[in-house]
Ligand code: SF4
Ligand code: SF4
């Protein structure tokens, strides 16, 4: 899923302080799972903002809506009949949701309420870690199911580098070295011989480097 | 191993002599004197001089320009290139630039992560990794082809090196990793600084078991400690460095004003022991900001005179 984290309160206040009628728009997907922008977080942030502006002696209308998904026309349409009653939208969806909102409702200012961080997994409640950088040409088959592009600090395809120490990455004692993990799995699968297969120079044109990407499936289009 | 380039370093290694290399870090400014001075201190004691490439990710004068300085002085540079800062266009282009000045040695590295340096908030590139850079330069030289497949007019004649760290984890793949670099096309290796000689010997045993010592020239890396503080720092703070407790103790047992001398002693003794190891074909003496000590180390280790080629 997409992992995001809440923006600091001061930054959010700065974004919306000049508007009177504000819609806080949550999303029921990834940002709910990572507890950054679901219904619960929308509620908490709305209360905190109301409190803040009340203390400042400012009158604001802050409404709460959480959509099933903000990256989908169907759900985003649900707010069409009321959107004109707001001066701004603070979206707690990931960057995709914020932009889809901006695309659809062109005349209303929309602000991000979270920082979109990465594609990752929930290791346990309150701990999310990166697993994929959507390089567009998955090489997990050659790396024992562990992604060095997202999990090695130097995205080394033929690792580890000389900085790997006690299983940890050279940049932090808190961070597993991706290549140690790859080697551990190769060992567990009795495939250590595969370690010596040189991974080819990667074609990054399907990555961010190739420009904005698109997936087209004509067979399912209506 | 047959010679493939005009590199003097390659000639010395091919002739069976023990080679001696050292390194200079370029200055954090544009004054070429810093390089010229350092090079003059060591030039008669080493066969080739590595120029580091923004080492520890701290921005410095570029390695290529500093290598050209050495070339202009009639010296033999080893161009260090990290994959952190340049994509494949820039890497290939710099290789051609170096070759245009007849720079004939190159060391392919991934480079320390930028978080260690003065631009921690910068991007890193890592378009290729160090093994793929080795492959790239070998292909440019041997096939006269760019990565994209086009032909190179006057291909670069680089003697291609790589680093090896026998002490990094996991230890069980350290030999396999060298094998991989050799398969990628590395012709010489400069190792991480060696303080744990027992562990290095064990690694070399594995290297010989696979016959790798006959396919690649291994230059053992040594760095003298200036002080017990430096020994402790290297032990605790530098990733992938293995400094045994007894070495730190040997340094700290000496009074402060005798520690530098002890550091040189340890270094010279290490070289003497390393000389006995089959498959060690030379030494890479990295006297970090202490270049003036290189002559003494090389002389006391019995590595003089340097062969004329
Ligand atoms: S190889 Fe690419 S697609 Fe596969 S997990 Fe890594 S970044 Fe994602
Ligand atoms: S220590 Fe491991 S994870 Fe970190 S940069 Fe090196 S190879 Fe990558």
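Side notes on the structure shown:
- Of the criteria (1) part of a loop (DSSP other than H, G, I, E, B); (2) facing chain A (nearest Cβ under 9 Å); (3) farther than 29 Å from residue B:43 by Cβ; (4) in contact with a helix residue (DSSP H, G or I) (Cβ under 6 Å, 6 or more places away or on another chain), which one residue B:112 fails: (3)
- Any hit, the stretch A:196-205, residues being within 13 Å of chain B (Cβ to nearest Cβ), over 20 Å from residue B:110 (Cβ atoms) and more than 10 Å from ligand 1 (Cβ to nearest atom): yes
- Test set (1) at pLDDT 95 or above; (2) farther than 22 Å from residue A:194 by Cα; (3) away from ligand 1 (no atom under 16 Å from the Cβ); (4) not in a helix (DSSP H, G or I) - residue A:160 fails condition number: (2)
- Taking the criterion of being within 9 Å of ligand 1 (Cβ to nearest atom) and more than 18 Å from residue A:196 (Cα to Cα), the residues of the stretch A:137-156 that qualify are A:137, A:138, A:149, A:150, A:151.
- Any hit, the stretch B:116-128, residues being under 20 Å from the mean Cα position of the chain (by Cα), more than 14 Å from chain A (Cβ to nearest Cβ) and part of a helix (DSSP H, G or I): no
- Listed here are the helices (runs of 4 or more DSSP H) enclosed by the stretch B:212-309 that have at least 1 residues being touching a residue at least 40 places away in the same chain (Cβ under 8 Å) and within 20 Å of the chain's Cα centre (by Cα): B:228-237, B:259-275, B:294-300.
- Only a single criterion out of (1) at positive phi; (2) in contact with a helix residue (DSSP H, G or I) (Cβ under 9 Å, 6 or more places away or on another chain); (3) more than 8 Å from every other protein chain (Cβ to nearest Cβ) is not satisfied by residue A:191, namely (1).
- Residue match in the stretch A:203-210 (condition: outside any loop (DSSP other than H, G, I, E, B), touching a residue at least 60 places away in the same chain (Cβ under 8 Å) and surrounded by 15 or more Cβ atoms within 10 Å (Cβ to Cβ)): yes
- Among (1) within 27 Å of residue B:14 (Cβ to Cβ); (2) at the interface with another protein chain (Cβ under 10 Å from one of its Cβ atoms), the one test that residue B:147 misses: (1)
- With respect to the conditions (1) over 19 Å from the mean Cα position of the chain (by Cα); (2) farther than 16 Å from residue B:185 by Cβ; (3) away from chain A (no Cβ under 14 Å); (4) not in a loop (DSSP other than H, G, I, E, B), residue B:141 falls short on a single one, namely (2).
- No other residue among A:130, A:77 is touching a strand residue (DSSP E or B) at 6+ places or on another chain (Cβ under 6 Å) and modelled with pLDDT of 95 or more apart from A:130.
- Taken over the stretch B:146-166, the criterion of being in a loop (DSSP other than H, G, I, E, B), under 17 Å from residue B:103 (Cβ atoms) and in contact with a strand residue (DSSP E or B) (Cβ under 9 Å, 6 or more places away or on another chain) is satisfied by B:152, B:155, B:156, B:158.
- Candidates are the residues of the stretch B:167-202 that are in a loop (DSSP other than H, G, I, E, B) and at pLDDT below 95; the one that is farthest from the other protein chains (Cβ to nearest Cβ) is B:167.
- Filter result for residue A:142 (more than 9 Å from ligand 2 (Cβ to nearest atom), over 30 Å from residue A:24 (Cβ atoms) and either modelled with pLDDT of 95 or more or crowded, with 20+ Cβ neighbours inside 10 Å (or both)): yes
- Hits in the stretch B:15-40 (condition: in a helix (DSSP H, G or I) and under 18 Å from the mean Cα position of the chain (by Cα)): B:35, B:38, B:39
- Remark: pairs (first residue in the stretch A:95-124, without any contact (Cβ under 8 Å) to a residue 12 or more places away in the chain; second residue not in a helix (DSSP H, G or I); Cβ separation under 8 Å; 6+ apart in sequence or on different chains) = A:102/A:110; A:123/A:129.
- Residue-level analysis places residue A:166 among those that are within 12 Å of another protein chain (Cβ to nearest Cβ) and at pLDDT below 95.
The values are calculated or read from the model by the stated rules, or taken from the named source; none is laboratory data. Just so you know, these numbers come straight off a predicted model, no measurement behind them. Here Cβ is always computed from backbone atoms with ideal geometry, including for glycine, and neighbour counts include all displayed protein chains.
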